[in-house]
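Only one structure is covered here, and it is reproduced in the block below.
Read the figures in this text as sums done on the coordinates, not as results from a lab. Because the structure is predicted, anything quoted here is derived from the model rather than measured. For neighbour counting, all protein chains shown are included, and Cβ atoms are generated from backbone atoms with ideal geometry for every residue, glycine included.
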Amino acid sequence: MLENEGIMNKNQWLNRINGDYFLSQPKNSVYVMALYAAHKPNTEKELVTLIDSHYKTTCQCGIKSKGTLKMFAQKLYEAQSYNDLAKQLFALKNKGEICTFEECFEYVYDLYVRSTIKKAGPSQSLSLETLKQKLPTLIVEESNSTDDLAFAVDIVVKDKNNNILAGVQVKSNLYESKTAKNAHKMNIEKNQKFQKPVFYLIYEKLNNGKIILKNSDSVVDDIYSLILPKNFDKKE
Ligand SMILES: [Zn+2]
């Protein structure tokens, strides 16, 4: 088995080290999707700052990071030496070198930051932009982290007087699957505490990577129905 390790490329090698020593498990790092959900960073840079600050200070969201991104990279860098034989074999096939700190940093950056923003960002911003466009007379804004954690609400819709009308939760079409049922139940319990209707906006990621919203019209209708008198034709 070890003979094959030498032909691993650097990325596979770091994957292996990361996996063998459980470096990216939340107990050793940070539960980055929870951090994303709590604070909704818009950029990679914002997410890096969040990871670092959740190590250095205590945030009311309750998430604690076990280190800064640089510390995660350092741990990975050092873990390359834990198994001397594996290290020698890998180094042998790679001109005597293991991965540098910079390469380790690039790896953890990809794992925690780049992939998270790529995964979570587009559906959130598409939902926000679509609802803003379709509800031009209302205020549509991202929920703050408290609303998100306490009520499972991603987007808040208000009237012009700043009265909250409804909450919107953005979910993947995979959300209705059996494995997600528990999460669903928990969300509904949270939604009920919001004291305003919460609608579910469903997105689907197509095979070509494009993200589409599946029910934005019906969510918009539901929201309008909260404010329009009965029999009012919203198209005028
Ligand atoms: Zn926080």
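Backbone phi angles across region 9-23, fed through the Karplus curve with coefficients 6.51, -1.76 and 1.60 (θ = phi - 60°), yield HN-Hα couplings of 7, 4, 5, 5, 4, 5, 4, 5, 4, 4, x, 4, 9, 6, 5 Hz in residue order; Gly and Pro are listed as x. The mean of 1/r over all distinct Cα pairs in the chain, once inverted, gives the Kirkwood hydrodynamic radius of 20.4 Å.
Of the beta bridges in the chain, as assigned by DSSP with both residues counted there, near 65 percent are antiparallel. Couplings 3J(HN,Hα) of region 152-158, computed from phi: 6, 10, 8, 10, 10, 10, 10 Hz, in residue order, whole Hz [Karplus 6.51 cos²θ - 1.76 cosθ + 1.60, θ = phi - 60°; x for Gly and Pro].
Derived scalar couplings between HN and Hα for region 96-110 equal x, 10, 9, 6, 7, 4, 4, 5, 5, 5, 4, 5, 5, 4, 5 Hz in order, rounded to whole Hz, by the Karplus curve 6.51 cos²θ - 1.76 cosθ + 1.60 (θ = phi - 60°), x for Gly and Pro. Computed extension gain for F101 through S125, at 0.36 nm per residue and net of the alpha carbon distance, reaches 5.3 nm. Amide H contacts of Y203: K171, S172, N173, K214, each under 5 Å away and 5 or more positions distant or on a separate chain (H built 1.01 Å from N in the peptide plane; Pro and chain starts excluded). Each Lys and Arg adds +1 at its Cβ and each Asp and Glu adds -1 at its Cβ; summed about the Cα centre, the chain shows a dipole of about 400 debye. Placing unit charges on the Cβ atoms only, positive for Lys and Arg and negative for Asp and Glu, gives region 2-120 a dipole magnitude near 420 debye about its Cα centre.
Taking amide H atoms as placed 1.01 Å from N in the peptide plane, the amide H of V30 lies under 5 Å from those of K66, each 5 or more residues away in sequence or on another chain. Dividing the helix sum by the residues of the chain, where each DSSP H run of 4 or more adds -39500 (n - 2.57), gives a mean residue ellipticity at 222 nm of -15000 deg cm²/dmol.
Once Rh for region 12-119 is found with the Kirkwood sum over Cα pairs, what is the Stokes-Einstein diffusion coefficient at 10 °C and 1.306 mPa s, in µm²/s?
On the way: Rh = 14.5 Å.
Using the Kirkwood radius from Cα pairs, D works out to 110 µm²/s.
The stretch between K196 and K118 holds 25.0 nm of extra length on full extension. This uses 0.36 nm per residue minus the Cα-Cα distance. Entry note: region 1-75 has Rg to Rh equal to 1.09, where both radii use alpha-carbon atoms and Rh is the Kirkwood radius.
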